[in-house]
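Following: one structure in structure tokens, then a few remarks.
The values are calculated or read from the model by the stated rules, or taken from the named source; none is laboratory data. On a predicted model such as this, the values are computed, not experimentally measured, just so you know. All Cβ positions, even for glycine, are placed from backbone atoms using ideal geometry, and neighbour counts span all protein chains on display.
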Amino acid sequence: MHRLILRLLDPAPTSPFNPFYGRRDKRSARQQVVSGLRLAGGLVGVILVLGVAFWSISTLLADARSNARSGHFVFWVMLCFSSLIMFVTVNEWVALVPAFYVLILTRIVGALIIGTFSSSSTASDWGNRRDLWELLVVCVVVSALSWRFIGNTPAPTTLLDRFALTFFVLAQLTQTEITFHWPPLALTSGLAALLIAWGGYRWKLAGTRRKHHIGNPTISETLPEP
């Protein structure tokens, strides 16, 4: 247990979504099949954990609206357990976040392009387009703030990243279950958590570059006087 806590405190290597992207995969067919099955099992595990968290949140919110108190403890335990699993395994699934939102982004762009050339201009159509533009902005922001986890050598997952990404996922699940009001507090708080983690990453990166620059000063050459 002590060793696990120390491991969570240190930055953990982030598992790339596709470690062989852009280069030749020299593994044997058996190794590729095993890797594919492992990836599929990981995706199923992520879906199950998200499903448990979403079920717990939706039930707790429904009970809160109806002033019911039955089963609260059980669903709180389920929510805490699923949140703990997400927190511990963030470095394993974080690359799915920008990949998922980029996929949604491409579909939104396609829908907006089709809607732009459509002859329909009813109030409901314009309302749907406005919703798509809002979702487009969210996808762009999330993708930009989590893009450092994409690639063959993604940024390591820090303790701040674990808190921010776990909170973001829970905030997103909560936002889908509550009535939309402007500003969307759950969504905004989740994006704020990602922004704080991104700011911490940029601050640490700037500090590392500054130390490297100080440790390797540029040697200026002076020309001899004539």
Six or more apart or on different chains, Cβ under 7 Å: which pairs go from a residue in the stretch 24-52 that's of a type outside the set (D, E, K, R) to one that's part of a helix (DSSP H, G or I) and at pLDDT 75 or above? Could you list them? 42/92; 46/93; 46/96; 49/82; 49/85; 49/86; 52/78; 52/82
Scope the stretch 125-171; condition surrounded by fewer than 16 Cβ atoms within 10 Å (Cβ to Cβ) and of a type in the set (Gly, Ala, Ser); matching residues: 127, 144
Is it true that residue 199 is modelled with pLDDT under 80 and within 30 Å of residue 11 (Cα to Cα)? no
Give the residue, chosen from 79, 4, 39, that is assigned to a helix (DSSP H, G or I), at negative phi and at pLDDT 90 or above. 79
Among (1) touching a Gly at 6+ places or on another chain (Cβ under 6 Å); (2) closer than 17 Å to residue 79 by Cα, there is one condition residue 160 misses while meeting the rest; what is its number? (2)
Scope the stretch 172-195; condition touching a residue at least 40 places away in the same chain (Cβ under 8 Å), surrounded by fewer than 16 Cβ atoms within 10 Å (Cβ to Cβ) and over 20 Å from residue 62 (Cβ atoms); matching residues: 195
Selection status of residue 211, at pLDDT below 95, loosely packed, with under 11 Cβ neighbours inside 10 Å and assigned to a helix (DSSP H, G or I): yes
